[in-house]
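Encoded as structure tokens, the structure appears first; notes follow it.
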Amino acid sequence: DIQMTQSPSSLSASIGDRVTITCRASQNLRTYLNWYQQKPGKAPSLLIYHTSNLQNGVPSRFSGSGSGTDFTLTISSLQPEDSAIYHCQQSSTTPLTFGGGTKVEI
Amino acid sequence: QVQLVESGGAVVRPGGSLRLSCAASGFTFSDFGMHWVRQAPGKGLEWLAFIRYDGSNEYYSDSVKGRFTISRDNSKNTLYLQMNSLRPQDTAVYYCVKGNILSNSILDHWGQGTLGTVSS
């Protein structure tokens, strides 16, 4: 199985800050890496698919980059509503696997 | 809009069974692969199972293979997860998730989840 490692596991930042979350895979994913946002008490929602493609309705302050084994989710200017847990997920092969999540606090 | 509504979560004893259902609406259910993903309390996400749009193939994680069965009824727009031989570590919120048109493995819509608790 492909192991996914996210860092940091949590972070605290201020409104307007640039925030970066990293995700590392144990095997080459090419660009088959997706990001999800999960707000407290809610189901996850798709944020970015295939490394850098924003899902419909996702604000442009979110962006993704990377390839192979190293990927990044960036929030260019943190907003209050961005307080959430962010999960990366590889879609290269089954079993699909997720990173451990990164909790972003304002 | 896409709606996925899970039901069937309950408290069961170890070794017991549970059948979860997911009612889908707002899209052509029979055109899309579907998944079950779970999240134990305070933990991360764990993919469990996938079924193709026509039910022709199923895939499972090792942790549930042989105990859980994913199925679907396209005439009822409903996805199921039959869970047998349940263990305390199966306690989790179970999410029904829709695959994306670009790739089945992009999880583009999630239900609200249903809680299954395994405890004596």
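The values are calculated or read from the model by the stated rules, or taken from the named source; none is laboratory data. Since we're looking at a predicted model, the values are computed, not measured. For neighbour counting, all protein chains shown are included, and Cβ atoms are generated from backbone atoms with ideal geometry for every residue, glycine included. Just so you know, the surface numbers come from the protein's heavy atoms only, side chains and all, with ligands and any DNA or RNA stripped out. Shrake-Rupley method; radii C 1.70, N 1.55, O 1.52, S 1.80 Å.
Between A:Gln27 and A:Asn56, what FRET efficiency comes out of the Förster formula 1/(1 + (r/R0)^6) with R0 = 25 Å and r the beta carbon distance, rounded to 0.05? Between A:Asn56 and A:Gln27 the formula returns 0.25.
Each Lys or Arg adds one and each Asp or Glu takes one away; over the other residues whose Cβ falls under 13 Å from the Cβ of B:Leu115, this sums to -1. When the Debye formula is applied to the Cα atoms of the stretch B:1-83, each taken as the same point scatterer, what base-10 log of I(q)/I(0) results at q = 0.17, 0.20, 0.22 Å⁻¹? The Cα Debye sum returns log10 ratios of -0.72, -0.97, -1.15. Computed over the stretch A:26-85, the range of Cα coordinates on each principal axis works out to 33, 23, 19 Å, biggest value leading. Computed in the context of the full set of protein chains, the accessible area of chain A at 1.4 Å probe radius has 42% of its extent on carbon or sulfur. Burial here means at least 50 square angstrom less accessible surface with every protein chain in place than with the chain by itself, probed at 1.4 Å; in the stretch B:42-79 the buried residues are B:Leu45, B:Trp47.
Determine the percent antiparallel among the DSSP beta bridges restricted to chain B, to the nearest 5. About 95 percent, rounded to the nearest 5. Built from the Cα atoms of chain A, the convex hull projects on average onto 5.9 nm², one quarter of its surface area. Per the accessible-area calculation with a 1.4 Å probe, the total area buried between chain B and chain A rounds to 1500 Å². A simple count of charges around A:Ser14, restricted to other residues whose Cβ falls under 14 Å of its Cβ and scoring Lys, Arg +1 and Asp, Glu -1, yields -2.
Computed with the Debye formula from one identical point scatterer per Cα of the protein assembly as shown, without solvent, the log10 of I(q)/I(0) at q = 0.10, 0.12 Å⁻¹ comes to -0.44, -0.63. A cut-off under 14 angstrom between Cβ atoms defines the neighbours of A:Asp1, and their net charge, with Lys, Arg +1 and Asp, Glu -1, is -1.
Contact with the other protein chains removes 50 Å² or more of accessible area, compared with the isolated chain and a 1.4 Å probe, from these residues of the stretch B:82-115: B:Ser105, B:Ile106, B:Leu107, B:Trp110. For the stretch B:55-120, the set of trypsin sites (Lys or Arg not before Pro) satisfying both a DSSP loop assignment and a count of at most 13 other C-beta atoms within 10 Å is given as B:Lys76. Calculated accessible area for the stretch B:51-110 comes out at 45 Å² per residue, all protein chains present (probe 1.4 Å; ligands, DNA, RNA ignored). In terms of packing, defined here as the mean over residues of other Cβ atoms within 10 angstrom, the peptides A:12-19, B:82-89, A:27-34 line up highest first as A:27-34, B:82-89, A:12-19.
The 1.4 Å probe gives accessible areas that order A:Ser92, A:Ser26, largest first, as A:Ser26, A:Ser92. The modelled label-to-label distance between B:Arg87 and B:Ser30, using points 7 Å beyond Cα along the C-beta direction, is 3.9 nm. Remark: mean inter-chain Cβ contacts per residue of A:39-46 equal 5, using a 10 Å Cβ-Cβ cutoff to other protein chain atoms.
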